[in-house]
Each structure stands twice: as C-alpha cells, then as structure tokens.
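Contents: one structure, followed by commentary.
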Amino acid sequence: MTDYQFYIDGEWRNASSNEWMEVKNPANGEIVGRVPRGTADDMNAAVAAAKAAFPAWNETSVEERTALLKKVRDGIADRQDEIADIIVQELGAPISLARSKHVQQPIKEMDDMFDDLENVHFEEDIDGTQVVKEGFGVVACVTPWNFPLTQIERKIGPALIAGNTVVVKPATDTPITAVLLAEICEEAGLPKGVFNLVTGQGSQVGDVLTEHKDVDVISFTGSTEVGRHLYQHASFTIKKLILELGGKSPLIYMPGGDLDYAVKKSMDTVVNNCGQTCSALTRLLVPREELEAANQSILNYYEKNVVIGDPTDPDTVVGPVVSERQKETVESYIQKGKEEGARVLVGGGKIDREGHYVEPTVFTDVDNKMVIAQEEIFGPVLCVIPYDSLEEAIEIANDTEYGLSGAVVGPSDEEAIAVARKIRTGSVYINKSGKSNKAPYGGYKQSGIGRENGRYGVQDYLEIKSIYK
Ligand code: NAD
C-alpha cells in the first residue's frame, strides 16, 4: 500500500493533522493507497500559495502558459497506462474504458482546446477601447469521482491558460489519479503555487474554499445538491461560480428513425462507466405503438453487450459502482421503481460476487412523474417512457429540473434537428452525430452555470477589463 501526499506551493506534504483517508478498490475491497485527510489549515495554505503565485503567472504570456500545459498533456500521455490502472483500482472502471474514455479522451480534449485557442480573443479593440482579458485569481476546482482525470483536466487546462492559479480538491473516492496529475504538473515545470492539490472530505474542507476571501472562482462539477450549497456559500464573497451539475437526459426516438440505434445510443450511456455519467441518456422516449419493439431491441442489446465482470479483464463492460454507498443509493432507486409500479424489463436483481456490483436494470412503461424518471440515479438504470405524440415527447423531455444533455433519433437529420431545437438542454445529439471537444458543454436549468471545453471553456475563466484610451 502506498501513502500519497498532497501538493502545496511546490512541496509534497502530509495533512497538518497527520490523518489519512483510505482509498478502496470497489471490485474487491482491497486498499489501493492512502491520501492525507486535509484540514482547513491545509486548504488555507494552498489558497495562500495560489494567491502568491498569481501575479507572476498572470503576467506570463498565453504562449508561455500554453507551452507548459502542453508539457502536462505530454506527461499524461507518457503515463497513460499507469493512470488507467489507478482508475481501474479506485473507480472500478473496466480497463478498456479506462484506457479510452478516461485517459485518451482527456488528452484529446486538451489537444482540441490548444487548437481552439486561436478563437479566444485575449485582447480586443472595441470602439477605441482596449479590452483586456486575464485571470481572475485563485480558482478552486472541486471535482467528482466519476471521471477522475477528465473532470480535473477540463478545469485546470483552461483556468491556467487564462492566467489563474488553482487549488484542486478531488473526490474522496478517487484522489490518487489527482496525485498522479500533480506529479505530472511538477515534472512539467509549473512554477510553485500555480497548481496545488489538497485531498480531503468536501464536507470538512469544502466550505473553507467557498467562503475564502482569496478564492475568486469556484469551478465545481458534482451533484446539484452540493452545487446549491456552494452557490449559497459563495454569495458571501460574491465569487464567480462555474457549475457542472447533475442530469436526467432524454433520448427521443421518432417514428421512422433507427430504433436499434436509438436503443444502443441510450443503453451505451447507461452501461458504460456503470451509468455514472452526468450526461447519460437515462430516459428513452418511444412512441407507445413501438414500445414492445423497443423492449425487444433492449433485450437483444442486453444479451449481446452487458458483460459483467472483473474490471481488470479487457472484455468486461460492466464493473462495480464506485462505493458501497453508491450501490445502496442505486439499489434503493431500483426498489423505488418497483414500488412505483414501473415494469422491470431486465435486471433488477442482485449480482452474486464480491464488490459493489449493481445489475444493470431497465424499467419500461415508466410514467415521467415517477421518482425514477425525475431524479438522477447515477447508476446503470434506464427508464423507457412511452409517448402519444411528438409534442408530448418534447413536453416529457423538458419536464425535469435538469437540462444537461439529450438526443433525438429521427427519420432525417432535419427532422431530428427541428426537435433538438425544442429541447431545453445544453447539448443534443442527433442521429449518428459524434461529439466535438471544441463545442461548449454544460447545462441549462439546474444542470449548471457556464460551459466547459474549447474556446467557451477558456472564456469562462477570463476576467474582462476595459482600458479607455
Ligand atoms: P458530489 O456533489 O457528492 O461531490 C463532488 C465534489 O464535491 C467532491 O469532491 C466532494 O468531496 C465535494 N463536496 C462535497 N460536499 C462539499 C461541500 N459542502 N463543499 C465543497 N465541496 C464538497 O458529487 P459526486 O457524488 O462526487 O459525483 C456525482 C455527481 O456529479 C452527479 O450528480 C453527476 O451528475 C455530477 N456530475 C456532473 C457533470 C457535469 O459535467 N455536469 C459531470 C460529472 C458528474
């Protein structure tokens, strides 16, 4: 077992309390390692270091900062196997997914961000006024466990390039990936205090960040519940907030579209990463007369694709969920669905093996008013919801407090786009479209504030000054 340290002001340190937190492998309960349980004093030290480093860092050129971030990107690429292995151990992600979505994808996102920087106007002339954009100061990056590297990469890349310094507080279940990233930042030569990492419990150290007078921006990805809490606490010092929160995203299948593809599109997001994906398309809307055909297509998909197993096995598609607590949460929702009268099409039972495994479960004939259709489950659970007209489908799709993602599978791209325009979410896939990393990603309604990725991601971290000439 390895004891990891956190990284403040260019130094590796233990917690001032000398307390530790164990990180356990959700597949077998083994202890992967220990990280320091940070205290308010540690958090204050990290903020002080970031504050002290800010003026010099903010005065470097965008080119200099970008060159250093490219070294960070290369460091991730060099250590990608090691990072993927840690993500398997601390999250329980299957190794094939860990290598592709958890490590190669964030590398690609960084490349696309570098490429898109030419579209960020760090200085512009508006009616004779010199408009200068620069860092805000100290950005606190608070991240969840579901994509331990991606969630941090999406924040520190743009925040640092914009001229800010950062204090990262990763999720308690997956902090080791963040420690590896800190090592990479050190090796890349980021000046001391520019990147700081403090591990610890959100409930203990979170409020220190949100109420700290020297933290200028809170960039948070996580649950809407915690986001709401941060929103309130950040108000004391009028901080800027960037919030990437929960989702309950719909996929509307229109008559005449490719039904098997619609099923695959939503089921992939429910099964991969065990449904622990904020943008998962967990509500599949189908015309009532095609409900049985959709059910059959789901059963076919399930039989072919749902391979439950050891996450270190390259053939495994479904590993454990991240923790005992998460398993209990997901199972309580499955129980709730049964009590609400939704029909279990497949799954819904227990998996008889060591580890926090949850059987992927599909409820069919679900009413959108049910709790399982309204609340984010964050596990491998799909709700199939019948509709009687396209207008009703759009109404159901929008009848949620969330607004993160969505999809429309229809007979033609034009018809699908016409429906996509009416969906109140930050992004919508249509038919077989892929995702661009340069396009903005974020939520409407209670799914968040702000956007990540590409030029919009960088812009959110830029403060704006008008110099009148
Ligand atoms: P969470 O909200 O419980 O925790 C997220 C982070 O906040 C963790 O680091 C946690 O320690 C910290 N935290 C907890 N309480 C805090 C407090 N009082 N003050 C400050 N920090 C605190 O979320 P989670 O369970 O780690 O992740 C799952 C959630 O994240 C889901 O709701 C999911 O939809 C959401 N998510 C959203 C996106 C997106 O881009 N919109 C992406 C991934 C995950």
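Values in this text are rule-based calculations from the coordinates and carry no lab data. Predicted model only: the values in this text are computed from it and were never measured. All Cβ positions, even for glycine, are placed from backbone atoms using ideal geometry, and neighbour counts span all protein chains on display.
Can you tell me the dipole magnitude for segment 9-69 around its Cα centre, using point charges on the Cβ only (Lys, Arg +1; Asp, Glu -1), in Debye to the nearest 20?
My answer is approximately 180 debye.
Rounded to the nearest 10 degrees, what's the angle between the helix 40-59 long axis and the longest principal axis of the chain, both from Cα atoms, 0 to 90?
Between helix and principal axis, roughly 70 degrees.
Does segment 41-104 come out rounded, prolate or oblate, given a ≥ b ≥ c as the square roots of the eigenvalues of its C-alpha gyration tensor, rounded meaning a/c under 1.5 and, failing that, prolate meaning a/b above b/c?
Here segment 41-104 falls in the oblate category.
Give me the dipole magnitude in Debye, nearest 20, for segment 250-430 about the Cα centre, with unit charges on the beta carbon: positive for Lys and Arg, negative for Asp and Glu.
Once rounded to the nearest 20, the dipole reads 260 debye.
Taking Cα centroids, how far is segment 262-294 from segment 32-60 in Å?
Using only Cα atoms to place each centre, the spacing works out to 41 Å.
Which pairs, out of LYS24/LYS304; LYS169/LYS192; LYS327/LYS445; LYS304/LYS350; LYS101/LYS445, put more than 22 Å between their alpha-carbon atoms?
On the way: LYS24/LYS304 31 Å; LYS169/LYS192 17 Å; LYS327/LYS445 27 Å; LYS304/LYS350 20 Å; LYS101/LYS445 27 Å.
The answer is LYS24/LYS304; LYS327/LYS445; LYS101/LYS445.
In debye, nearest 20: dipole of the chain around its Cα centre with unit charges on the Cβ of K, R (+) and D, E (-)? Mind dumping the intermediate values first?
Values: 47 positive and 73 negative charges, 114 e Å.
Its charge dipole is roughly 540 debye.
Cα convex hull of segment 250-430: how many Å³ per residue?
107 Å³
Enumerate the amide H contacts of GLY426 below 5 Å, restricted to partners 5 or more residues apart or on another chain; note that Pro and chain-start residues carry no placed amide H.
Those qualifying (amide H under 5 Å, at least 5 residues apart or on another chain) are LEU404, SER405, TYR444.
If you fit an axis through the alpha-carbon atoms of helix 324-340 and take the longest principal axis of the Cα set of the chain, what angle between them do you get, 0 to 90°, nearest 10?
Helix 324-340 sits at roughly 30 degrees to that axis.
On a 0 to 90 degree scale, rounded to 10, what angle separates helix 291-305 from the longest Cα axis of the chain?
So the inclination is approximately 60 degrees.
If we restrict to alpha carbons, what Rg and Dmax does the chain come to, in Å?
Spelled out, the Cα radius of gyration and Dmax of the chain are 22.3, 72 Å.
Kindly rank 95-108, 288-301, 267-280 from highest to lowest mean number of other beta carbons found within 10 Å of each residue.
267-280, 95-108, 288-301
Can you tell me how segment 1-69 classifies by the Cα gyration tensor, rounded, prolate or oblate, using a/c under 1.5 as the rounded cut?
oblate
Determine which aspartates and glutamates satisfy two conditions relative to LYS248: a Cα distance under 12 Å, and not lying fewer than 8 residues away in the same chain.
GLU375, GLU376, ASP399, GLU401
Would you work out which of MET113, THR177, GLN80 lies farthest towards the positive end of the dipole of the chain? Charges go on Cβ: Lys and Arg +1, Asp and Glu -1.
Checked the options; the winner is MET113.
Using Cα positions and a limit of under 18 Å, work out the aspartates and glutamates in reach of LYS432, with same-chain residues fewer than 8 apart set aside.
ASP258, ASP260, ASP268, ASP413, GLU414, GLU415
Which entries of LYS213/LYS240; LYS264/LYS435; LYS51/LYS240; LYS71/LYS435 have Cα-Cα distances beyond 19 Å here?
Result: LYS71/LYS435 exceed 19 Å.
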